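Take this structure, written in structure tokens, and hold onto it; I'll ask about it next.
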Amino acid sequence: MNHSPQVKDDPRRGIPSVDQLSRQLGAEFPALPAWAVTFAVREILKEIRNSFESGALDPKASAGLGQRAAHLARLLAAPKPQRVINATGVVLHTNLGRAPLAAAAVEAATRAGEAYSDLELDLGDGRRGDRQAAVTQKITALTGAASALVVNNNAAAVLLAVNTLALGREVIVSRGELVEIGGSFRVPDILARAGVRLVEVGTTNRTHLRDYAQAIGPDTGCILKVHPSNFEQRGFVTDVSLQELSGLARECELPLVEDLGSATLIDLRDRGLPQESFAAESLRRGADLVCFSGDKLLGGPQAGIAIGREDLVRDLRRNPLARVLRIDKLSLAALDATLAILLEGRGEQDIPALARLLEPEEVTESRARALAAAIEKAVGDRLAVSVRRESGAVGGGSLPEFSLQSFVVALEAEEGANALSDAFRSAPVPILARVRDGAVWLDVRTLLDGDAEEIESTLVRYIQRSSD
Ligand SMILES: *Cc1c(COP(=O)(O)O)cnc(C)c1O
């Protein structure tokens, strides 16, 4: 053995064993689950050993070992996804889980999950039943569509539609609609994987009906119209309306599919929403099949919905990919309950996304003033609090041209807006807000029940800690 002084001073000798450190942390933080502590300790010790082996014999590498392991264990043990407070004002925020579910939808998902259910059983005759029958009936009742189908998400609905109608054949799409929608949904890539050939027509800014007409041939499977979602063109722009396209499609006996993305199942025109956000309107304008998401304007769980012609929907249902892309029972239960709320005419009251979206300005303003007053009372000596009028976005690629009036509570702290925003984000219930003009902006439009109280107590704790 080599007992050179170098080896004796080897800082590796100071590294505790996994067992030792795990026991120590377990005693210090009894609330942390043992599996997370052990996993975290292994990770941190491995890191330290690696840094020694790579020649960085930094004796400080093992400093704060316990702290680091405890922090990692806490991250590991935290539920994911966990509740956060959306103070961004973006009603359908993809990074924040899009639409929060109605209470009845949550209950329905819980019931479907905690016990056996008649998911694929017909209780009338005890035979195998269709898991979709109830939701598709409700969707056709809401929209007047001849038929409906539900899958895992809208990307799946579009994939299934083009694969069913045009496998090995051509799908015609305007160049102005070959968009990427946040989170890796790119129209050309989806079409390629669906096994269809994309035929691009028109130009980026202008596509005419004759462009479509010239592209139609014996190999055309369908025409696809894509809602550009959060992408907007201005200026020298022309596109072909659904009505015009449907005339051409009918003449050539081709199915016309629309990827509408975000849609409601109730007509909210009189509430200021554009007509084309109502899914049934696309059918009225001549689409044969319309696809949209369950968790955008609809306000339900993740799901993809296709409505339209009975023969086409039947073909989609018979495609083996329908099984691959099927919706799970928890989402199905939540969707069923959401649809029931819409049928009862209680969407605006009971579906949080619709309630947030349609809340009258004066109600939003009074909520902002109440929150500002509560904050002022609690910590007004340490923060400058003001209420501002602001316009926000709906989000989730929904209603890009629809600007939403909202009210924000702006907070200015001595330590700066970024420090406060970081503290908000690392609170036990993380609060997501915007930083603008040196202030943290809490947009009250997207606050749900109980959020205001949580914000207030987070601020009280923050102020206490920063004065310690
Ligand atoms: C959001 C969106 C999609 C993807 O829908 P998911 O439900 O997220 O799969 C597809 N097309 C359009 C136009 C969209 O807006």
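Every read-out reported here was derived from the displayed coordinates using simple, explicitly stated rules and does not represent laboratory data. Computed from a prediction, not measured in an experiment: that's the story for all the values here. FYI the Cβ positions are ideal-geometry reconstructions off the backbone, even for glycines, and counts take in every protein chain you see.
Distance cut-off 31 Å, Cα to Cα: go down the list LYS296/LYS377; LYS80/LYS329; LYS296/LYS329; LYS80/LYS377 and report the pairs above it. Before the final figure, lay out the partial values.
On the way: LYS296/LYS377 37 Å; LYS80/LYS329 20 Å; LYS296/LYS329 19 Å; LYS80/LYS377 34 Å.
Over 31 Å Cα-Cα: LYS296/LYS377; LYS80/LYS377.
If you count the DSSP beta bridges with both ends in the stretch 235-341, what percent of them are antiparallel, to the nearest 5? Numbers along the way, then the final one.
Numbers: 5 of 10 bridges.
If we restrict to bridges inside the stretch 235-341, about 50 percent are antiparallel.
Quote the charge dipole size of the stretch 101-257 about the Cα centre in Debye, to the nearest 20; the model charges only the Cβ of Lys and Arg (+1) and of Asp and Glu (-1).
My answer is approximately 220 debye.
With +1 on each Lys and Arg Cβ and -1 on each Asp and Glu Cβ, how big is the dipole of the stretch 271-388 about its Cα centre, in debye rounded to the nearest 20? Intermediate results must be reported in sequence, preceding the final value.
Numbers: 18 positive and 18 negative charges, 71 e Å.
Charge dipole of the stretch 271-388: 340 debye, to the nearest 20.
Say the dipole of the stretch 260-331 comes from +1 at the beta carbon of Lys and Arg and -1 at that of Asp and Glu; which of GLN275, SER331, CYS291 then lies farthest toward its positive end?
The residue sitting most towards the positive pole is SER331.
Also, quick follow-up: Quick one: what does P(r) look like for the stretch 262-391 with 5 Å bins over all Cα pairs, in whole %?
For the stretch 262-391, the binned pair fractions read 2, 9, 14, 16, 15, 12, 9, 7, 6, 4, 3, 2, 1, 0 percent.
Please report the antiparallel percentage of DSSP beta bridges with both residues in the chain, rounded to the nearest 5. Before the final figure, lay out the partial values.
On the way: 32 of 52 bridges.
That works out to approximately 60 percent antiparallel.
Which Cα, out of ASN152, ILE455, CYS252, lies furthest along the positive dipole direction of the chain (beta carbon charges, K/R +1, D/E -1)?
Farthest towards the positive end: ASN152.
To the nearest 20 Debye, how big is the dipole of the chain about its Cα centre, given +1 on the beta carbon of each Lys and Arg and -1 on that of each Asp and Glu? Intermediate values should be presented prior to the final figure.
Numbers: 54 positive and 63 negative charges, 238 e Å.
With only Lys, Arg, Asp and Glu charged at Cβ, the dipole is about 1140 debye.
Quick one: what are the phi-derived ³J(HN,Hα) couplings along the stretch 281-294, Karplus 6.51/-1.76/1.60 with θ = phi - 60°, whole Hz, x for glycine and proline?
My calculation for the stretch 281-294 gives 4, 5, 5, 4, 7, x, 5, 8, 8, 10, 10, 7, 8, x Hz in order.
While we're here: Pick out, from TYR116, VAL408, GLY380, the residue whose Cα sits farthest towards the positive end of the charge dipole of the chain, with +1 on the Cβ of Lys and Arg and -1 on the Cβ of Asp and Glu.
Positive-most Cα among the choices belongs to TYR116.
What full-extension length gain, to one decimal in nm, is calculated for ARG269 and ALA213 as 0.36 nm per residue of separation minus the Cα-Cα distance?
Full extension of this stretch gives 16.9 nm more.
Throw me the Rg/Rh for the chain, computed over C-alpha atoms with Kirkwood Rh, two decimals. List each step's numbers first, then the result.
Values: Rg = 27.5 Å, Rh = 25.7 Å.
That ratio equals 1.07.
Separate question: Between the stretch 72-131 and the stretch 219-296, how far is it from one alpha carbon centroid to the other, in angstrom?
If you average the Cα positions of each part, the centres end up 29 Å apart.
Take the chain, mark every one of the chymotrypsin sites (Phe, Trp or Tyr not before Pro) that falls in a DSSP loop and has at most 16 other Cβ within 10 Å, then report the longest stretch left between them, sites excluded.
On the way: sites that count: TYR116, PHE231, PHE236, PHE402.
No qualifying site falls inside 237-401, the longest such stretch.
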